[in-house]
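Mind having a look at this structure? Questions to follow.
Rule-based calculations on the coordinates, nothing more; no lab input. Remember, predicted model here, so these are calculated numbers, not experimental data. Ideal geometry is used to build each Cβ from the backbone, glycine not excepted, and the neighbour counts take in all protein chains shown.
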Amino acid sequence: MSLEAFTNYLQLERNYSKLTIKAYSNDIQSFQEFILSEYDESELNKVNYSQIRSWIVKLVEREISNRSINRKVSALNSYYKFLLKIEDIKINPLAKHKALKTSKKIQVPFSETEVAIVIDELQYDQDFEGVRNKLIIELFYSTGIRRIELVELKWSAIDMANKTLKVLGKRNKERYVPLLSSVIKTINIYANKRAELKNIQDDKYLFLTKKGVKIYETLVYRIINEYFSLASNKVKKSPHILRHSFATHLLNQGADINAVKELLGHSSLAATQVYTHNSIAELKKVYSKAHPRSKK
């Protein structure tokens, strides 16, 4: 069974993003090259677990992180589950595989002060790019959307009358997020600047480059990194950290975790609970100030 059939399945039936499909495809092709080189085997449906295990060992020897190895094996596992589904194999060679241990990475959010500096105190150019960049930062922080969700936003997603934004999340799941009045104001300014672009090719999309085409993920990352480098010394300054900050700050201010889950577009509460360690730190601070015996 060809890899193309698998990628079609991911796209048409599982609604995976193009980026995810490409990553899966690359990982599977990498494994295919390995078994061809090491075992002179070109057909993935004839592979056994010991051969996969030797590939994992090779990746470890190359000092690839356990997290990255687990991701590669997960892609391969998805492929074998697909082969099982279409009855091309009878047993998944990875059925009893256990993922490599990984250390828990704690994402450090921006502080409320750092975000306030970037949004309220930095000087933005008043041209198209300057206004666009400010709106991107405001939207990330006020809605908690993912980078790919922001890239794919369309003009039609904005409901100015109800002050809401329709976001198309993972597996094409829609959710509605409130828009702050300050963000609506920036959207209006951006709309005027955008209308002045000479050649707009991707008119239906909200965010464009100055050439009039849809904005892309690496540019969005650079924008966040560039502006937050002026206000924060944190090692990682990315759209995901801004999403993380959105969730953490809401929880710190007493927001219900189920409401935050809906705003983030998480399918399970467990995914949202990773943000609670920061609000617990905030609770400890309040507790130590308020409890009568805390200073004894």
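Cα-Cα over 31 Å: which of K18/K236; K85/K204; K46/K261? It would help to have the intermediate numbers written out before the result.
Numbers: K18/K236 25 Å; K85/K204 38 Å; K46/K261 42 Å.
From K18/K236; K85/K204; K46/K261, over 31 Å: K85/K204; K46/K261.
Determine the sum of side-chain charges near S25: Lys and Arg each +1, Asp and Glu each -1, restricted to other residues whose C-beta is under 14 angstrom from that of S25.
Charge balance near S25 sits at +2.
Any of K211/K237; K58/K98; K22/K90 with alpha carbons more than 22 Å apart? Name them for me. List each step's numbers first, then the result.
On the way: K211/K237 26 Å; K58/K98 17 Å; K22/K90 26 Å.
Distance filter (> 22 Å) returns K211/K237; K22/K90.
Among (1) 1.04; (2) 1.01; (3) 0.95, find the value of Rg/Rh (Cα atoms, Kirkwood Rh) that was calculated from the structure presented, and write down its label.
Answer label, from the structure shown: (1).
Can you give me the long-range amide H partners of L208? Hydrogens built in the peptide plane at 1.01 Å from N, cutoff under 5 Å, separation of 5 or more residues or another chain.
I215
Bin all alpha-carbon pair distances of region 112-287 at 10 Å intervals from 0 and give each bin's fraction as a whole percent.
Bin by bin from 0 Å, the calculated values are 9, 37, 38, 14, 2, 0.
Right, next: I'd like the trypsin sites (Lys or Arg not before Pro) in region 52-130 restricted to DSSP loop residues with at most 14 other Cβ atoms within 10 Å, sorted by number. Please report the intermediate quantities before stating the final value.
Numbers: sites: R53, K58, R62, R67, R71, K72, K81, K85, K90, K96, K98, K101, K104, K105; in loops: R62, K90, K96, K98, K101, K104, K105.
Passing sites in region 52-130 are R62, K90, K96, K98, K101, K104, K105.
Lys and Arg at +1, Asp and Glu at -1: add these up for the other residues within a Cβ distance under 15 Å of S156 and post the number.
Net local charge, S156 excluded: -1.
With Rg and the Kirkwood Rh both taken from Cα atoms, where does Rg over Rh land for region 27-115?
Details: Rg = 16.8 Å, Rh = 14.7 Å.
Radius of gyration over Kirkwood radius for region 27-115 works out to 1.14.
Based on the alpha carbon coordinates of region 194-276, what radius of gyration and maximum Cα-Cα distance (Dmax) apply, in Å?
Answer for region 194-276, Rg first and Dmax second: 16.6, 47 Å.
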